[in-house]
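Notes to accompany the following structure.
What follows draws every value from the coordinates through simple rules; no lab data is involved. None of the values given here were measured: they were computed from a predicted structure.
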Amino acid sequence: MAKKIEVILKKDGSEDITVMCPEKVKLSVPSALLAIKFGLPPADVKPVQVKDVVKCIILFFAIFAACIFFTVSVPLGIIAVIIAFVANIIYNQNYFFNFIRKKIAEGYTVENEEHKNLLQAAGVFETNQGASSSQSKSLSPVLSKVTGAINKLPFNSFATKIPVLQNFSKYANYIVCGLAVILIVSLFSFKNPIDSFLDDSEAILRKATTCVEKCENGNMSYSEMEGRLTELYSDYAELVTKYEDVDEKDMNDKQKKRLRRIGKEFDNLSLRAAGLRMQGWY
């Protein structure tokens, strides 16, 4: 576990602020992940910064809110959850660094020389421009270019003009880019209800076919096969109910041909299953 230091920020006329943070100031990625589950970095700041705690809690619940996108499509849900996780990691990882830098900009000072040297080594006293430059150098060339391009977007400055969004203005460019990715994926992953019905029907057909083949090969008894087929046909009935608005009249030629093929294969499976009963394979 990384060694922690107790940084005391002082300012004339203001209450001292105590920050319990790692020596390197920034959390490691594993520590940032653990912070999501077991704690909040703002909890290590005294007096408690209520706004920061609320912001951290909102980011945490954003992970669960992102699961709503699974109702649209699985790929979209995965991307949304990943974006929410990354946002939490970035916030937690950089919380102490950004908090101490902000307070120093407000006039707070660090009197302990050892702590001051550690903060200096971490880049806390650098200007925002210098810090961005230093960070870009530590990234791969491609990632550095992507980050630089995102930082040039105007949404950060737009967010600073809206009181409700000011606390998130530093991340506005990234949030907008994330939403853009979600939108693009949703457009490409959107599936016509007719195709969804046909895909789900074929999935049930494949399971039923496997079941009959196992019985034909002696790897499953007839009674087991019959019970499994009953379940699958029940699933298919539920599927038909789910897509009750799907009408063959609305299908194109390719979809109609596919629907008829699926129906024919289901009929053939029923005949094969009946043949197994007649041969006494049970």
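The stretch between residue 90 and residue 274, if pulled fully straight at 0.36 nm per residue, gains 60.2 nm over its current Cα-Cα span.
Partners of residue 3 within straight-line reach, counting lysines whose Cα lies under 18 Å from its Cα and excluding those fewer than 8 residues away in the same chain: 24, 26, 116. Normalised by 2.2 N^0.38 Å, with N the number of residues, the alpha-carbon radius of gyration of the range 48-95 equals 1.26. Bridgeable aspartates and glutamates around residue 256 (alpha carbons under 17 Å apart, same-chain partners fewer than 8 residues away excluded): 195, 199, 200, 202, 244, 245, 247, 248, 265, 267. Expressed as a fraction of 2.2 N^0.38 Å, the C-alpha radius of gyration for the range 217-282 is 1.40.
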